[in-house]
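Input: a single structure, listed below in structure tokens.
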Amino acid sequence: METFSVSSLTRYIKSLLEHDAVLGDVMVRGEISNFKRHYSGHCYFTLKDSESTLRAVMFKGRAQFLKFEPKDGLKVIAGGNISLYERDGQYQLYVEQLIPEGMGELSLAFAQLKDKLAAEGLFDESRKKKLPLLPHIVGVVTSPTGAALRDIITVAKRRHPGIQLILFPVQVQGTDAAAQISQAIEILNRRGQIDVLIVGRGGGSLEELWAFNEEKVVRAIAASDIPIVSAVGHQTDYTLSDFAADRRAATPSQAAEIVAPDVKELRRYIITLYNMLESHITSGIERRQARLNQCLESWIFERPERMLADKRLVVDGYVQRLEQALNQGLLAKRHKFNLATDKLSMLSPLAVLSRGYSITRSFEGQVIRRAADALLGQELEIMLAQGRLAVQVLRAEEAESREKESS
């Protein structure tokens with residue numbers, strides 16, 4: 001019996017697995033768990049069912065082409081080969097293909113990206129811009145050889161022969177289509193002078209229209225400063241570009257109808273507006289003329305003195321009432337003034353002097369109220385009701401001393 005080292009036995013088992021016809025190309029159905037996308041781009045996860053688990057790895061070279069984002073709980077069918085990871089001695093599935101079970105890969109990718117961008121607000125109606133009513137220059141981002149371009153040119157020129165169309169040719173399907181479309185939108189925005197953009201192509205399968213579901217294209221449409229009309233496919237075809245655009249057209253022809261005004265219809269509309277304006281002005285003049293005639297026929301214009309006579313009577317009444325109010329006010333004020341004058345007269349020192357009293361004071365202005373305030377020989381001034389006296393003190397007696405002498 002041969003004896004193996006651990007590493008040699010591991011390599012032997014790995015060789016058996018890799019040369020097995022079944023395990024070399026196998027499809028495995030299971031549910032994803034423990035999914036992890038490494039910074040290197042490799043994807044590591046586990047496939048499980050109700051009884052078993054199987055480790056799996058999908059390297060960056062394959063993972064970068066996935067249209068959807070694997071996540072835990074997603075049921076998938078994984079295709080690849082079984083081999084052994086020598087370091088851990090565990091077998092695992094090296095995934096070359098990963099397909100969502102029950103839903104196509106593109107359908108799942110569409111739903112996942114739609115939810116992601118909607119959560120960011122890229123599809124909100126509030127951020128959509130209004131299309132210009134009369135655009136002068138229309139940019140067209142589409143294939144130069146497709147039927148969509150011919151339809152756009154035919155319809156736009158039929159409706160508005162003077163409108164200017166600028167084509168930015170791009171691929172509308174294939175691996176380079178999304179990059180070219182997004183770049184075209186950015187370049188036309190930087191160029192300026194373009195009033196509105198039509199971005200689209202003719203109809204096709206989901207795979208053929210997929211460039212207009214790519215995240216970079218949707219974000220470029222949402223970030224555009226120029227209003228964009230999305231015109232992808234036929235009426236039943238919907239792409240994420242339709243949700244991000246400011247307006248969706250069911251077909252490229254309808255997009256041209258939306259952005260290019262019909263000059264014949266505009267001419268009819270202008271004529272209608274002109275007739276409405278003329279009628280409005282004429283009727284307004286007639287109403288004002290009738291009003292003027294009515295005023296001219298009024299008695300106010302025929303005999304204006306009648307209106308003035310009535311107004312004069314009213315004014316005379318106001319003047320009379322004003323005079324009465326002024327006279328009454330003056331009488332009341334005069335009565336109050338007389339009362340105040342009488343009160344002041346009663347309190348005036350001159351009134352006291354007129355009754356025989358006098359005021360004695362020194363020449364310095366000091367009032368002498370008592371005999372003790374005066375000095376013998378002092379010259380004083382006596383104020384009378386009429387005139388003044390200059391006197392000299394010869395004797396000073398207090399009232400109390402005189403009362404004692406008399407007693």
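Brief remarks on what is shown
- Checked against the criteria, Gln294 does not count as assigned to a helix (DSSP H, G or I) and surrounded by 10 or more Cβ atoms within 10 Å (Cβ to Cβ).
- Out of Leu384, Leu308, Leu339, Leu353, sole residue that is modelled with pLDDT of 85 or more and not β-branched (Val, Ile, Thr): Leu339
- Complete set of residues in segment 227-257 that are open to solvent by less than 60 Å² (accessible area, probe 1.4 Å), over 23 Å from Thr154 (Cβ atoms) and outside any helix (DSSP H, G or I): Thr239, Asp246
- Among the residues of segment 114-130, the ones that are in a helix (DSSP H, G or I) and farther than 18 Å from Pro227 by Cβ come to 6 in all.
- Yes/no for Ala156 being within 16 Å of Arg219 (Cα to Cα) and part of a helix (DSSP H, G or I): no
- Count of segment 99-113 residues which are in a helix (DSSP H, G or I), in contact with a helix residue (DSSP H, G or I) (Cβ under 9 Å, 6 or more places away or on another chain) and either surrounded by fewer than 18 Cβ atoms within 10 Å (Cβ to Cβ) or without any contact (Cβ under 8 Å) to a residue 24 or more places away in the chain (or both): 1
- Counted residues, segment 166-199 - those being over 18 Å from Glu214 (Cβ atoms), hydrophobic (A, V, I, L, M, F, W, C) and open to solvent by 50 Å² or more (accessible area, probe 1.4 Å): 1
- Search result, residues across segment 133-152 that are open to solvent by 50 Å² or more (accessible area, probe 1.4 Å) and either within 35 Å of the chain's Cα centre (by Cα) or without any contact (Cβ under 8 Å) to a residue 24 or more places away in the chain (or both): Leu133, Leu134, His136, Thr145, Arg150
- The selection criterion, being out of contact with any helix residue (DSSP H, G or I) (no Cβ under 9 Å at 6 or more places or on another chain) and open to solvent by 40 Å² or more (accessible area, probe 1.4 Å), holds for Thr272.
- Residue satisfying all of: in segment 34-45; surrounded by fewer than 18 Cβ atoms within 10 Å (Cβ to Cβ) and touching a Ser or Thr at 6+ places or on another chain (Cβ under 9 Å); farthest from Asn213 (Cα to Cα) among these: Asn34
- Exactly one residue out of Val391, Val352, Val314, Val367 is touching a Lys or Arg at 6+ places or on another chain (Cβ under 6 Å) and without any contact (Cβ under 8 Å) to a residue 60 or more places away in the chain: that is Val367.
Each row is one residue, and each column tells you yes or no for (1) in contact (Cβ under 8 Å) with a residue 24 or more places away in the chain; (2) surrounded by 16 or more Cβ atoms within 10 Å (Cβ to Cβ); (3) part of a strand (DSSP E or B).
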{"position": "Ser7", "(1), (2), (3)": "yes, no, no"}
{"position": "Ser15", "(1), (2), (3)": "no, no, no"}
{"position": "Leu23", "(1), (2), (3)": "yes, yes, no"}
{"position": "Val57", "(1), (2), (3)": "yes, yes, yes"}
{"position": "Arg62", "(1), (2), (3)": "yes, yes, no"}
{"position": "Phe68", "(1), (2), (3)": "yes, yes, no"}
{"position": "Lys71", "(1), (2), (3)": "yes, no, no"}
{"position": "Ser83", "(1), (2), (3)": "yes, yes, yes"}
{"position": "Gln97", "(1), (2), (3)": "yes, no, yes"}
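- Test: residue in segment 90-99 that is modelled with pLDDT of 90 or more and either over 56 Å from the mean Cα position of the chain (by Cα) or within 26 Å of Arg219 (Cβ to Cβ) (or both): no
- Count - residues of segment 345-371 that are of a type in the set (A, V, I, L, M) and either more than 15 Å from Ala385 (Cβ to Cβ) or open to solvent by 60 Å² or more (accessible area, probe 1.4 Å) (or both): 6
- Considering residues of segment 168-219 that are in contact with an Asp or Glu (Cβ under 6 Å, 6 or more places away or on another chain) and outside any loop (DSSP other than H, G, I, E, B) only, the residue farthest from Leu131 (Cα to Cα): Ala178
- Boolean, Arg159 is modelled with pLDDT under 95, surrounded by 13 or more Cβ atoms within 10 Å (Cβ to Cβ) and more than 22 Å from Asp246 (Cβ to Cβ): no
- On inspection, Glu125 fails the criterion of being closer than 26 Å to Thr53 by Cα and surrounded by fewer than 15 Cβ atoms within 10 Å (Cβ to Cβ).
- Residue match in segment 315-338 (condition: under 30 Å from Gly162 (Cα atoms) and either under 56 Å from the mean Cα position of the chain (by Cα) or not polar (S, T, N, Q) (or both)): no
The values are calculated or read from the model by the stated rules, or taken from the named source; none is laboratory data. This structure is a prediction, so every number in the text was calculated from the model and none was measured. Note that we place each Cβ from the backbone using ideal geometry, even for glycine, and neighbour counts take in every protein chain shown. Remember, those area values only see protein heavy atoms, side chains included, never the ligands or the DNA or RNA. Shrake-Rupley method; radii C 1.70, N 1.55, O 1.52, S 1.80 Å.
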